[in-house]
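Input: a single structure, listed below in structure tokens.
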Amino acid sequence: MVVVKDISVHSLCEHHLIPFFGRAHIGYLPGRRVLGLSKLARITDVCARRLQMQERLTKQIADALVETAQPRGVAVVLECSHLCMCARGVQQTEAVTRTSTMVGEFEMDSSLRNEFWSHLSSARL
């Protein structure tokens, strides 16, 4: 399993045209191809440049990895703050929205999912 945590995400909410930003955490199980680590950040950035909904962005990142690398499995988690929540209406400045998607072996194997989640909760170097 290859896991890259804390990839910066910056996008615009398609509903409000207001930014949301945060971190992406990506895990994948290489198949025949192995991607350079920077490609995970590049895929995230390319997908985030469009007007987005966080839920759709999470799935688009996973789909792009499947198409590019043909891995055995992909797991993507996004944790973002939405300025529409912070600056408008309810003004919840500490609210974070977490979305996730699991594809392939991550979808089928709960032990792999648990291992991925444990990587996300482990301390940084």
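The values are calculated or read from the model by the stated rules, or taken from the named source; none is laboratory data. No experiment lies behind these values; they were computed from the predicted model shown. Cβ placement follows ideal geometry from the backbone for every residue including glycine, while neighbour counts extend to all protein chains displayed.
Tell me the residue from Arg23, Arg33 that is free of Cβ contacts under 8 Å to residues at least 60 places away in the same chain and assigned to a strand (DSSP E or B), please. Arg23 is the lone residue from the list that is free of Cβ contacts under 8 Å to residues at least 60 places away in the same chain and assigned to a strand (DSSP E or B). Among residues of the range 1-20 being free of Cβ contacts under 8 Å to residues at least 60 places away in the same chain and within 16 Å of Met102 (Cα to Cα), the one that is surrounded by the fewest Cβ atoms within 10 Å (Cβ to Cβ) is Val2.
Of the set (1) without any contact (Cβ under 8 Å) to a residue 24 or more places away in the chain; (2) small (Gly, Ala, Ser); (3) in a strand (DSSP E or B), all apply to Ser38 but (3). Somewhere in the range 50-59, is a residue in a strand (DSSP E or B) and over 20 Å from Leu17 (Cα atoms)? Taking every residue of the range 50-59 in turn, none turns out to be in a strand (DSSP E or B) and over 20 Å from Leu17 (Cα atoms).
Residue check: is Leu57 farther than 16 Å from His119 by Cβ, under 15 Å from the mean Cα position of the chain (by Cα) and touching a residue at least 24 places away in the same chain (Cβ under 8 Å)?
Answer is yes for this residue.
Could you say whether any residue in the range 42-63 is surrounded by fewer than 19 Cβ atoms within 10 Å (Cβ to Cβ), at pLDDT below 95 and either touching a His at 6+ places or on another chain (Cβ under 6 Å) or within 19 Å of Val2 (Cβ to Cβ) (or both)? No, the range 42-63 contains no residue that is surrounded by fewer than 19 Cβ atoms within 10 Å (Cβ to Cβ), at pLDDT below 95 and either touching a His at 6+ places or on another chain (Cβ under 6 Å) or within 19 Å of Val2 (Cβ to Cβ) (or both).
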